[in-house]
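Read-outs: derived from the displayed coordinates by stated rules, not from any lab. Predicted, not measured: the structure shown is a model, and the values here were computed from it. All Cβ positions, glycine included, derive from the backbone under ideal geometry; neighbour counts span all protein chains shown.
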Amino acid sequence: MRLSLLIGTTPGNDVNLGTEKIAGYRNFTNKLWNISRFMLMTIEKPDANIERPKAKTLADEWILEWLDATVYDVNSGLDGFNLSYAGESLRDFTWNELADWYLEIAKIEGGKEKMLNYILNTILKLWHPFMPFVTEQIWNEVYGSDNVLMVEKYPESFVNHGMLRGNCILFEEVIKTIITAIRSLRADNKIEPAKKINVEISAGDQTELLEENREIIEGLARLESLAIAPKINKPANFVGMVVGPCEVFVDLAGVIDVAKEKARLEAEIKALEGYTAGLEAKLANTEFVQNAPPAVVEKEYIKLADAKAKIALLRG
């Protein structure tokens, strides 16, 4: 109930409170409990006074920087009495970044005891003002009855911004995006989530980065095999997707009906060709080009280039 009243509200407006919202935050509370249970099973010797560990991998750097940005956002929200913003930032980190990504990566890479201890320690402190009874109980389960969460010092940010920077942006925009693209290609082609597949990636200047994170990609995307090279032409019976500077190809042989997939691709190409024809006609209109704001015109050129790139890939 407390979370339902605090998060998703706008100052000065009525609170949209219903059973669905309350049930949603009940489910989130269960999620936090389950996250804590998993992390506790991984942490052999819980330490309530653990200091910030050093990152061993790019995934560690990424989650620590996300945590720093979240601590900054939460403190900024609390200092400005914007409790909804603080809670939303913390919820998004806990569910979207920690539970959906980093805990799955931890299962693959292993050796994350100190990282998980530190992250759990920090998020329990951050969540305490929002859900004091649940977090106090979890803290007691993890660190023992001699430690009281209520008297712990509230986390302070190591940064003065709420953004990702440096290598962490590469992890966010390349590694995560490629895994998401493979999952999307799976879904689009009705491939069962549990079925392992073969993937090839034309990686360009991101080849080294992808090789360093090969284990994560193979594990989270459920791959049978993964080929990474600076340049790979689209193989027969593969479907592809452009992901930033990379091209991702998924093997459909023995997985789907190739004839049906070919018909679907031809229909998609036809639709894209109609779309590009409309954009080209729009950009050929001198009145539009001369009178529209330059940013709008530039956006249309970008749309046209993206559409043509997709057509080229589908025809590949």
> So how do 176-187, 118-129 stack up, highest first, on mean other-Cβ count within 10 Å?
Replying inline: 118-129, 176-187
> Semi-axes, largest first, in whole Å: what does sqrt of 5 times each Cα gyration tensor eigenvalue give for segment 169-315?
Replying inline: 32, 20, 12
> If you add up the charges near residue 218, with Lys and Arg at +1 and Asp and Glu at -1, over every other residue whose beta carbon is less than 10 angstrom from its beta carbon, what do you get?
Replying inline: +1
> Which chymotrypsin sites (Phe, Trp or Tyr not before Pro) from segment 1-108 combine a DSSP loop assignment with at most 15 other Cβ atoms within 10 Å?
Replying inline: 81
> If you keep only loop residues by DSSP, which trypsin sites (Lys or Arg not before Pro) in segment 211-301 have at most 13 other Cβ atoms within 10 Å of their Cβ?
Replying inline: 231
> How far is it, in nm, from the label point at residue 173 to the one at residue 47 when both lie 7 Å from their Cα along the line to the Cβ?
Replying inline: 3.6 nm
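Longest span of the chain, sites excluded, free of GluC sites (Glu not before Pro) in DSSP loop with at most 14 other C-beta atoms within 10 Å?
Values: sites that count: 44, 51, 156.
Answer from the scan: 157-316.
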> Contour minus end-to-end for residue 263 and residue 163, with contour as 0.36 nm per residue of separation and end-to-end as the Cα-Cα distance?
Replying inline: 31.7 nm
> What FRET efficiency comes out for the pair residue 133/residue 192, r = Cβ-Cβ distance, R0 = 25 Å, nearest 0.05?
Replying inline: 0.05
> Loop-only check: which trypsin sites (Lys or Arg not before Pro) in segment 1-90 are DSSP coil with at most 15 other Cβ within 10 angstrom?
Replying inline: 54, 56
>> Using alpha carbons only, how many angstrom separate the centre of segment 48-69 from the centre of segment 143-206?
In response: 13 Å
> Using a Förster distance of 41 Å, how high is the FRET efficiency between residue 256 and residue 283, based on the Cβ-Cβ distance and rounded to 0.05?
Replying inline: 0.65
> Once label points are set 7 Å from the Cα along Cα→Cβ at both residue 224 and residue 298, what is their separation, rounded to one decimal in nm?
Replying inline: 4.6 nm
>> Run lengths n ≥ 4 of DSSP H only: what is the helix-derived mean residue ellipticity at 222 nm for the chain, with -39500 (n - 2.57) per run over all residues, to the nearest 500?
In response: -18000 deg cm²/dmol
> Tell me, in nm to one decimal, what length is gained between residue 156 and residue 312 on full extension, where the rule is 0.36 nm per residue of separation less the Cα-Cα distance?
Replying inline: 51.2 nm
> Helix 294-315 versus the longest principal axis of the chain: what angle, 0 to 90°, nearest 10, using Cα atoms?
Replying inline: 70 degrees
> Separation between the residue 147 and residue 305 pseudo-spin-labels, each 7 Å from Cα along Cα→Cβ, expressed in nm?
Replying inline: 5.2 nm
> Over the Cα atoms of the chain, what is the Rg over Rh ratio if Rh follows Kirkwood?
Replying inline: 1.04
> Assuming R0 = 25 Å, what is the FRET efficiency of residue 99 and residue 242, from their Cβ-Cβ distance, to the nearest 0.05?
Replying inline: 0.30
> Mind checking the angle between helix 83-92 and the chain's longest principal axis? C-alpha axes, 0 to 90 degrees, to the nearest 10.
Replying inline: 60 degrees
